[in-house]
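Input: a single structure, listed below in structure tokens.
Nothing in this text is a laboratory measurement; each read-out follows from the coordinates by a stated rule. In this text, all values refer to a predicted model and were calculated from it rather than measured experimentally. Note: ideal-geometry Cβ built from the backbone for every residue, glycine included; neighbour counts use all protein chains shown.
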Amino acid sequence: MQTPPKEAILELLEMNSAIIRMQTRGISQEQSLIQPPYGGNCLNWVIGHILTSRQTIFKFLKIEPILSPEELTIYDRGSEVLIDPAQAADLSKLLKNVKVSEDLIRKGLDSLPKGALDEVTPFGRSSGPLGGHILFLIWHETYHVGQLELLCQLAGKREKLI
């Protein structure tokens with residue numbers, strides 16, 4: 001895979017963040033906890049999971065985490081379905097951190113030396129270009145951003161924004 005240019009990565013990140021903001025406008029904490037039928041997870045979990053993914057990007061860019069591992073455990077891949085409102089982070093805090101994380105990733109990418117996105121870096125059980133790993137994580141985020149429209153509809157929000 002050819003390493004994508006930094007601008008392409010940032011464009012996808014910005015689009016995802018904008019869609020998250022549009023889709024979640026007016027959604028309450030209670031609405032964010034409505035579970036979809038047939039498995040899956042609630043909107044609150046999806047936003048928290050996106051932040052876990054962004055914090056993986058933070059590791060690649062040597063950015064300090066904005067949420068502790070304890071705060072994000074409930075949002076990890078394979079975690080239990082988020083049913084207990086007491087376990088859920090406040091949606092407004094999660095959404096604030098979506099913006100903060102976008103800004104930090106932008107600064108982190110801007111501060112990389114020329115050619116850093118092409119450097120072979122381990123990720124999971126393989127290794128490849130740093131830019132490819134970051135692009136994969138943004139693609140993964142995009143998958144979850146796509147779930148938001150249905151989750152918002154379950155919460156009673158009927159207007160289509162995309």
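Structure notes:
- Applying 1/(1 + (r/R0)^6) with R0 = 22 Å to the Cβ-Cβ distance of residue 150 and residue 96 gives a FRET efficiency near 0.40.
- Ranking of 98, 145, 46 by neighbouring Cβ atoms within 10 Å, starting from the fewest: 98, 145, 46.
- Pairwise Lys count, region 1-140 - Cα closer than 25 Å, eight or more residues apart or different chains: 19
- Extension gain, residue 56 to residue 79, is 6.6 nm, computed as 0.36 nm per intervening residue step minus the present C-alpha separation.
- Bins of 10 Å from zero: percent of alpha-carbon pairs in the chain: 10, 40, 33, 15, 2
- Charged side chains reduced to their Cβ positions (Lys and Arg at +1, Asp and Glu at -1) give the chain a dipole of some 240 debye around its Cα centre.
- Within region 1-49, trypsin sites (Lys or Arg not before Pro) in DSSP loop having at most 15 other beta-carbon neighbours inside 10 Å: 25
- With loop membership from DSSP and a limit of 12 other Cβ atoms within 10 Å, the longest segment of the chain without GluC sites (Glu not before Pro) is 81-158.
- Restriction of the chymotrypsin sites (Phe, Trp or Tyr not before Pro) in region 1-85 to DSSP coil positions whose beta-carbon has at most 13 other beta-carbons within 10 angstrom yields 38.
- Taking a ≥ b ≥ c as the square roots of the eigenvalues of the Cα gyration tensor, an a/c ratio of 1.5 or more together with a/b no larger than b/c marks region 45-134 as oblate.
- Annotation for residue 136 and residue 30: the two label points, set 7 Å from Cα along the Cα-Cβ direction, are 4.2 nm apart.
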